Amino acid sequence: MDADIRSKVETNRRNWEARTPVHLASRFYDVHNDTDRLAPFEWAELGDVAGLRIAHLQCHLGTDTRCLARAGAKMTGLDFSESSVAAARELAGDLDITYVQSDVHDAVEALGGGFDLVYTGKGSLMWLPDLYRWAEIVRDLLAPGGRLYLVEFHPLAWMLNQDFEIVGNYLPEATSYDSSRTYTDGPELAADTVNYQWNHSLGELVTTLNRAGLRVTELHEHPVLAWDQWPGMERDPVTGWWRLPAHRPKIPLTYSLTAVR
Ligand SMILES: C[S@@+](CC[C@H](N)C(=O)[O-])C[C@H]1O[C@@H](n2cnc3c(N)ncnc32)[C@H](O)[C@@H]1O
């Protein structure tokens, strides 16, 4: 990683330290509520995780990590935000979860290898400047035959504003932001409002994974999102996930991908 990218990742780390206390107190994360955060499609595609050694990269407050641990997986969560990892440890309660503070770019040194599954996503890839470097790290974390399971917000949905006009990039592009607001409810950030993001297209992702030696076996696009991004979205009373009303275009809001080492 060159010095400029390293300094941008460090700026992001500080930005995440500023976001964490806001997220911890937010209704959005509702961290003491132990409801299932994974969508039914995730459980269906993951299959039985009981007994699997799973590395959850960029685990933030551990909300999804705990769901997988409750399903019987042996979980290790990794995040570069010290306050996120500290909160995740406390929130784990009686669950046997290992949390490690590390930059994802150092994940192999921090966690070793031999994992059955790497679980990641839901707002993670956009923080990664070099997808090929990340794909190599995922490969090296996995045991031969191990799987990557990735769930991300669909880049198509990311391009649209509240009026469904295209205002964002689809093709990969680095963007800098300076905003005192994070994506949850709660107060403004106290400091460190600058952050850098890198959007990634589906073609870039699939090609990069294959080049790194991970065979993409499934790529699904889903019409549901974990929150109500647009006015009028309808919430499934059972899953809690949101979909667009019938008069809106049929577009994917989330995708999930499986790749095998
Ligand atoms: C939107 S959160 C991911 C969220 C998680 N799926 C959830 O719903 O809570 C993004 C996470 O990525 C972490 N992150 C960003 N860049 C990172 C990096 N280079 N190394 C490790 N963690 C990173 C942040 O600290 C944050 O916890």
Residues that are within 12 Å of the ligand (Cβ to nearest atom) and more than 23 Å from residue 18 (Cα to Cα), drawn from the range 67-96: 67, 68
Which numbered condition residue 84 fails, given (1) of a type in the set (Gly, Ala, Ser); (2) under 22 Å from residue 113 (Cα atoms); (3) surrounded by 22 or more Cβ atoms within 10 Å (Cβ to Cβ): (2)
Flag for residue 23 being assigned to a strand (DSSP E or B) and surrounded by 20 or more Cβ atoms within 10 Å (Cβ to Cβ): no
Hits in the range 90-108 - residues which are farther than 28 Å from residue 239 by Cβ and open to solvent by 40 Å² or more (accessible area, probe 1.4 Å): 98, 101, 106, 108
Strands (runs of 3 or more DSSP E) contained entirely in the range 38-118, each with at least 3 residues that are over 27 Å from residue 240 (Cα atoms): 98-101
Enumeration of residues in the range 221-260 that are free of Cβ contacts under 8 Å to residues at least 40 places away in the same chain, assigned to a strand (DSSP E or B) and under 20 Å from the mean Cα position of the chain (by Cα): 242, 243
Given (1) farther than 25 Å from residue 29 by Cα; (2) within 16 Å of the ligand (Cβ to nearest atom); (3) out of contact with any His (no Cβ under 9 Å at 6 or more places or on another chain), index of the condition residue 165 fails: (2)
Matching entry among 148, 205, 209 (being open to solvent by less than 20 Å² (accessible area, probe 1.4 Å), part of a strand (DSSP E or B) and not polar (S, T, N, Q)): 148
Among residues of the range 169-185, those that are touching a strand residue (DSSP E or B) at 6+ places or on another chain (Cβ under 7 Å) and surrounded by fewer than 14 Cβ atoms within 10 Å (Cβ to Cβ), counted: 6
Failed condition for residue 203, given (1) within 15 Å of the ligand (Cβ to nearest atom); (2) without any contact (Cβ under 8 Å) to a residue 12 or more places away in the chain: (1)
Of all residues making up the range 32-64, the number that are modelled with pLDDT of 95 or more, among the β-branched types (Val, Ile, Thr) and within 15 Å of the ligand (Cβ to nearest atom): 2
Every residue from the range 1-47 that is within 16 Å of the chain's Cα centre (by Cα), more than 19 Å from residue 152 (Cβ to Cβ) and of a type in the set (Ser, Thr, Tyr): 20
Tally of residues being surrounded by 14 or more Cβ atoms within 10 Å (Cβ to Cβ) and farther than 14 Å from residue 158 by Cβ across the range 214-225: 7
All positions within the range 133-143 that are open to solvent by 10 Å² or more (accessible area, probe 1.4 Å) and either within 15 Å of the ligand (Cβ to nearest atom) or assigned to a strand (DSSP E or B) (or both): 133, 136, 143
Options 34, 48; residue that is over 21 Å from residue 256 (Cβ atoms) and surrounded by fewer than 16 Cβ atoms within 10 Å (Cβ to Cβ): 34
Residue list for the range 186-200, restricted to those being surrounded by 13 or more Cβ atoms within 10 Å (Cβ to Cβ) and not in a strand (DSSP E or B): 186, 189, 192, 193, 200
Residue ID - nearest to residue 206 (Cα to Cα), chosen from residues in the range 119-132 that are in contact with an Asp or Glu (Cβ under 7 Å, 6 or more places away or on another chain) and assigned to a helix (DSSP H, G or I): 131
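The values are calculated or read from the model by the stated rules, or taken from the named source; none is laboratory data. All values derive from a computational prediction rather than experimental measurement. A quick note on method: Cβ atoms are made from the backbone with ideal geometry, for glycine too, and the neighbour counts reach across all protein chains shown. The protein model used for the area step is the full one, side chains on, heavy atoms only, and it has no ligands, DNA or RNA in it. Shrake-Rupley method; radii C 1.70, N 1.55, O 1.52, S 1.80 Å.
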